[in-house]
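The values are calculated or read from the model by the stated rules, or taken from the named source; none is laboratory data. Not measured: the values here are computed from a predicted model. Cβ coordinates were reconstructed from backbone atoms using ideal geometry, including for glycine residues, and neighbour counts include every protein chain displayed.
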Amino acid sequence: MTIALVQKLRLTSKPVLLGLALAVALAAAPSAIYGASEGNEEARAAFAKAAQFRAQRDARSARIELMNAIKADPDWIAPRVAQAKVLLKLRDGIGAEAELDRAVQLGIDPAAVRHLYGHAYSLQGKVDKAREQLSASDIPPEYAGYAARILGRVALQMGDESLAGAAYNRAMALDRTNPDLWVDIARFRSASGDQAGATNAVDEAVRLDPVNVRALQYRGELLRFQFGLGAALPWFERALQLDPNDIPLLTEYAATLGDMGRMTDMLAIARKIIALDGKNPRAFFMQAVLAARAGKYDLARRLMQKTDGVIDNVPAVLLVQGIIAHGEGNHNAAVDKFQRLVSMQPNNRQAQNLLARSLYLAGSAGDAVDILIPQVNRSGADPYALWLAGRALESIGERGQAAAVMNRAAVHDYGRESAFMAAAPLNVLRAEAQRNPSDARVVVPYIRALYNAADYDAAFAEAKRLQQGNKGASAAHILVADVAAAMGNYDEALDALEQARNIRFSESVMLRLVEVLRARGDMQQAGEDLAQYLSYNPGNIAGLRWMAYAHLETESWSVAAQILENLRERIGDNDALIMAGLTQAYTGLGETDKAIAAGRIAYRVQPSSPVVTHLYGLALLADESRRKNAISLLKKAVAIMPDNPVYRKSLRLAYARQRAGQGKGTG
């Protein structure tokens, strides 16, 4: 009996169903009864070996022995079903479906393997067929928990959180000691924004089965999300000791190593993945990332082609594809990739900047301005976005607006990055929030609008209410912290940030903690929190910037210079503040030539920046032969910001040295 016919029978009216079933049963009886086998000696020996490998969680070796068993006795049902289960473990839905089809043809009751069919279809993305199988009423009770768990996964694939919740609740009622179920629940809770609940669920999975690879892997993923890249490695490595050839695990491990800057290690793991699975798209993608970082765009493009478009809708893949097209000078192709990325992640400022740059280079400066204006008009505007917007405005003849934006970039008036940007008028958002007071997707934009309207008391009250109902969501605590910080209530802000940190110590939480602690005058604690974040995220650019600036403040010149040189090597010379920081560090170290060289680059990038102008002037002041130039720059810095006492003091020092030099007959 074919599975297609089984499905048709189930969808037919009951009287017809019974008649057809009888006819089919009679027709199929010879092959079902006489065609099936109990297994010959050779097949049974291979089957026994496969069982041993499965007990040892070695799915790949089990697969080979089951192939041997099937080859020895193609009509034996048991190895077909076992092979389907192994292939599902290896995420081969097509192969599993084929084995199940053969088992049904040999006579197994289709109801006994509906849960496996549903799993196979889910791996292939055939969500409707998967849901149909997993929702059938004839699934045996012993497989009902499995079916409910996989239905939860299918529901998430379909974007139906309500169905997923109901499926997982049913699975819990039927099979709550299954560690794989707890891993799935952890992923569901994480996707719903309940990070604390996700952590509790995966901890339960590890408790139930300390050697469950999927549980250990996801515990590592959550720790990576919660604290940073380095926190995940021990969990991944512990799982790899159990199964060194597990491809999903190897993929997450390699990606984490790459994000940490350990590119050689990442490449080695990527090559191992390809050796295990010659068509693995993520392994080729990782190699493409490495090639693109090295500027080998042609190689990167060829490596991306080997993914066969399987992961083309993944945001990170679109980002790299856009960068490759941009690097090859194909700006229109880059625009296409970045537009798709921005449509998927409308708040991704890096993607916005890349799209705007590609539009600008493709001759569409006006479109570039349209992309950047919402970002430029908000607090926390990216300095590069300000510069690019200024250039684009100049290109379309809006010189007045361009000058205003470029002036903001020059004085580093970026504002404070916050969680706030209203997407609709306040009255509209208020009405929506009143109709749906418990829906965070509605309430959060309302809080943003209140914040932008400077109605901090109302924003704070709404944020606190949201926080109370979503204690496991980091974003809810960040909202409270942002409003409290704007009100000057630093204790409340720190309390909220600590709660957010316990859920996820992200870059945005770190930046807010450092800012609030410094605003409160607690420089030591700000440094300790920053150091802890960097211990898990040693390559984080924003954290390294803050660390370098802290060392400049304490005149730890050599440490600051080392950090800033590392950043310079990674992102180039076009960051004026990094180059200005190097100017200050080398001036403090007495390495005047290096200081002047760095200052010259910074001044070339942002000649109207008072910070850059001031530090470049101080570097030149250390060279007796360049004091006139130094005074000229220091006068310019004071002219830009006449009320800055530091700049005025530096100018007085320069004049004093000039007078002293004239008394000695120099400069």
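In the list LEU100, LEU88, which residue meets the criterion of being under 30 Å from VAL211 (Cβ atoms), under 38 Å from the mean Cα position of the chain (by Cα) and touching a residue at least 40 places away in the same chain (Cβ under 8 Å)?
Values: LEU88 fails: touching a residue at least 40 places away in the same chain (Cβ under 8 Å).
Answer to the check: LEU100.
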- Task: Could you tell me which numbered condition GLY488 fails, if it satisfies all but one of (1) on the phi > 0 side of the Ramachandran plot; (2) within 28 Å of the chain's Cα centre (by Cα)?
- Result: (2)
- Do we find a residue being surrounded by fewer than 18 Cβ atoms within 10 Å (Cβ to Cβ) and under 30 Å from GLU515 (Cα atoms) anywhere in segment 353-370? no
- Message: Please determine whether any residue of segment 263-273 is modelled with pLDDT of 95 or more, surrounded by fewer than 18 Cβ atoms within 10 Å (Cβ to Cβ) and closer than 24 Å to ARG54 by Cα.
- Response: yes
- Members of segment 592-619 found to be closer than 12 Å to ALA630 by Cα and surrounded by 24 or more Cβ atoms within 10 Å (Cβ to Cβ), listed by number: GLY599, THR613, HIS614, LEU615, TYR616, GLY617, ALA619
- Query: Pick from ALA231, ALA196, ALA166, ALA191: which is touching a residue at least 60 places away in the same chain (Cβ under 8 Å), in the same structural domain as ILE139 (by TED's automatic domain parsing) and surrounded by fewer than 22 Cβ atoms within 10 Å (Cβ to Cβ)?
  - Reply: ALA196
- Quick check, is ASN566 within 28 Å of GLY390 (Cβ to Cβ) and either in contact (Cβ under 8 Å) with a residue 40 or more places away in the chain or surrounded by fewer than 18 Cβ atoms within 10 Å (Cβ to Cβ) (or both)? no
- Item | Candidates LEU174, LEU106, filtered to the one that is farther than 29 Å from ASN280 by Cα and touching a residue at least 40 places away in the same chain (Cβ under 8 Å) | LEU106
- Taking segment 199-212 and keeping only residues that are at pLDDT 95 or above, surrounded by fewer than 22 Cβ atoms within 10 Å (Cβ to Cβ), of a type outside the set (Lys, Arg) and part of a helix (DSSP H, G or I), one is left with ASP203, GLU204, VAL206, LEU208
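Please find, among ALA112, ALA130, ALA103, ALA84, the residue that is under 16 Å from ALA43 (Cβ atoms) and at pLDDT 95 or above. So that I can check it myself, show each step before the final result.
On the way: ALA112 fails: under 16 Å from ALA43 (Cβ atoms); ALA130 fails: under 16 Å from ALA43 (Cβ atoms); ALA84 fails: under 16 Å from ALA43 (Cβ atoms).
So the residue among ALA112, ALA130, ALA103, ALA84 that is under 16 Å from ALA43 (Cβ atoms) and at pLDDT 95 or above is ALA103.
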- Spot the failing condition for GLY415; the list is (1) surrounded by fewer than 17 Cβ atoms within 10 Å (Cβ to Cβ); (2) over 21 Å from LEU511 (Cα atoms); (3) of a type outside the set (A, V, I, L, M); (4) at pLDDT below 80, and only one is missed. (2)
- Message: With the requirement that a residue be at pLDDT below 90 and in a helix (DSSP H, G or I), what does segment 336-360 give you?
- Response: ARG349, GLN350
- Query: Any residue in segment 52-75 that is at pLDDT 95 or above, buried (at least 16 other Cβ atoms within 10 Å of the Cβ) and touching a His at 6+ places or on another chain (Cβ under 7 Å)?
  - Reply: no
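Residues GLY363, GLY309: which one is in a loop (DSSP other than H, G, I, E, B), within 25 Å of GLY397 (Cβ to Cβ) and free of Cβ contacts under 8 Å to residues at least 60 places away in the same chain?
Working: GLY309 fails: within 25 Å of GLY397 (Cβ to Cβ).
One residue alone meets the criteria, GLY363.
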- Condition set modelled with pLDDT under 90 and not hydrophobic (A, V, I, L, M, F, W, C), scope segment 218-229, selection nearest to PHE505 (Cα to Cα): answer is GLN226
- Query: With respect to ILE311, is the statement that it is surrounded by fewer than 16 Cβ atoms within 10 Å (Cβ to Cβ) and in contact with a helix residue (DSSP H, G or I) (Cβ under 7 Å, 6 or more places away or on another chain) true?
  - Reply: yes
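For segment 80-88, state whether one or more residues are of a type in the set (D, E, K, R) and assigned to a loop (DSSP other than H, G, I, E, B). Walk me through it before giving the result.
Here is the first cut: in segment 80-88, the ones of a type in the set (D, E, K, R) are 80, 85.
With assigned to a loop (DSSP other than H, G, I, E, B) added as a condition, the list becomes none.
No: segment 80-88 contains no residue that is of a type in the set (D, E, K, R) and assigned to a loop (DSSP other than H, G, I, E, B).
Of all residues being assigned to a helix (DSSP H, G or I) and in contact with a helix residue (DSSP H, G or I) (Cβ under 6 Å, 6 or more places away or on another chain) in segment 89-100, which is modelled with the lowest pLDDT? Just the residue, please. Steps first, answer last, please.
First pass over segment 89-100, keeping only residues assigned to a helix (DSSP H, G or I): 89, 93-100.
Checking which are in contact with a helix residue (DSSP H, G or I) (Cβ under 6 Å, 6 or more places away or on another chain) leaves us with 89, 93, 95-97, 99-100.
Working: LYS89: 93, GLY93: 96, GLY95: 96, ALA96: 97, GLU97: 97, GLU99: 97, LEU100: 97.
Among residues in segment 89-100 that are assigned to a helix (DSSP H, G or I) and in contact with a helix residue (DSSP H, G or I) (Cβ under 6 Å, 6 or more places away or on another chain), the one modelled with the lowest pLDDT is LYS89.
For segment 185-200: of the residues being of a type outside the set (Ser, Thr, Tyr) and touching a Leu at 6+ places or on another chain (Cβ under 9 Å), which is farthest from LYS126 (Cα to Cα)? Walk me through it before giving the result.
Within segment 185-200, the subset of a type outside the set (Ser, Thr, Tyr) is 185-189, 191, 193-198, 200.
Subsequent filtering for residues that are touching a Leu at 6+ places or on another chain (Cβ under 9 Å) retains 186-188, 191, 195, 198.
On the way: ALA186: 23, ARG187: 20, PHE188: 20, ALA191: 21, GLN195: 29, ALA198: 27 Å.
Per the stated criteria, the residue is GLN195.
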- Note on the structure: The correct count of residues that are farther than 10 Å from GLY145 by Cα, hydroxyl-bearing (Ser, Thr, Tyr) and assigned to a helix (DSSP H, G or I) in segment 168-190 is 1
- Go through LEU299, LEU319 for me and flag whichever is free of Cβ contacts under 8 Å to residues at least 12 places away in the same chain and either assigned to a helix (DSSP H, G or I) or within 16 Å of the chain's Cα centre (by Cα) (or both). LEU299
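I need a count of the residues in segment 424-480 that are touching a residue at least 40 places away in the same chain (Cβ under 8 Å) and out of contact with any His (no Cβ under 9 Å at 6 or more places or on another chain).
Going residue by residue through segment 424-480, those that are touching a residue at least 40 places away in the same chain (Cβ under 8 Å) are 440, 470-475, 478-479.
If we keep only those that are out of contact with any His (no Cβ under 9 Å at 6 or more places or on another chain) too, we end up with 440, 472-475, 478-479.
Matching residues across segment 424-480 total 7.
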- Note on the structure: The condition of being within 27 Å of ASN540 (Cα to Cα) and outside any helix (DSSP H, G or I) holds, among GLY193, GLY258, GLY220, only for GLY193
- Those residues of segment 509-540 that are buried (at least 20 other Cβ atoms within 10 Å of the Cβ), part of a helix (DSSP H, G or I) and at pLDDT below 90 come to a total of 1
- Message: The conditions are (1) free of Cβ contacts under 8 Å to residues at least 12 places away in the same chain; (2) under 14 Å from PRO445 (Cα atoms), and ASP495 fails exactly one of them. Which is it?
- Response: (2)
